[in-house]
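Written out below as structure tokens is the structure these notes cover.
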Amino acid sequence: MNAHPFPKSDAGPRLDIAEVARAALPHLPELCRRWLPGGRQLGAEWTCGSLAGEPGESCKVNLRTGRWADFATGAKGGDAVSLTAAVHRISQIEAARRLAAMLGMGGATDGR
């Protein structure tokens, strides 16, 4: 009998979300242009109306740190993975997987 309630998956190497977030940081301006197209860069921030990407100033992404907030809804996060999850309405794990694939960080398929 396995004593651990969550047996280890045999799905492959674990995905390091922090590593994916760090790797995505230099690409954040490009990602914001793609995902939040109605926004614009003002200094070190991407500014738009919301996570839907329309024009406005209620949502801001710090392009140096990855921290972001949609001040109209109260949604906020600390990195590109959480931004990806919020914009696409997916889990953090799925967001990390998608970002890792976009960045060519293949092999990471499971974990936190």
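Every number in this text was worked out from the coordinates using simple rules, so none of it is lab data. Please read these numbers as outputs of a predicted model, since none were measured by experiment. Cβ: placed from backbone, ideal geometry, glycine included. Neighbour counts: every protein chain shown.
Taking (1) among the β-branched types (Val, Ile, Thr); (2) assigned to a loop (DSSP other than H, G, I, E, B); (3) over 20 Å from Glu19 (Cα atoms) in turn, Ile90 satisfies each apart from (3). For the stretch 14-47, residues that are over 15 Å from Thr84 (Cα atoms) and without any contact (Cβ under 8 Å) to a residue 24 or more places away in the chain total 9. Looking only at residues that are among the charged types (D, E, K, R), assigned to a loop (DSSP other than H, G, I, E, B) and out of contact with any Ser or Thr (no Cβ under 7 Å at 6 or more places or on another chain) in the stretch 14-57, which one is farthest from Thr73 (Cα to Cα)? Ranking the candidates gives Asp16 first. Would you mind stating whether Ala85 is under 17 Å from Ala24 (Cα atoms), over 9 Å from the mean Cα position of the chain (by Cα) and not in a loop (DSSP other than H, G, I, E, B)? Against the criterion (under 17 Å from Ala24 (Cα atoms), over 9 Å from the mean Cα position of the chain (by Cα) and not in a loop (DSSP other than H, G, I, E, B)), Ala85 does not qualify. Considering only residues that are of a type in the set (Lys, Arg) and loosely packed, with under 15 Cβ neighbours inside 10 Å, look in the stretch 62-92 and name the one that is farthest from Leu15 (Cα to Cα). Filtering first and then ranking leaves Arg64. Across the stretch 93-107, the number of residues qualifying as assigned to a helix (DSSP H, G or I) and crowded, with 17+ Cβ neighbours inside 10 Å comes to 5.
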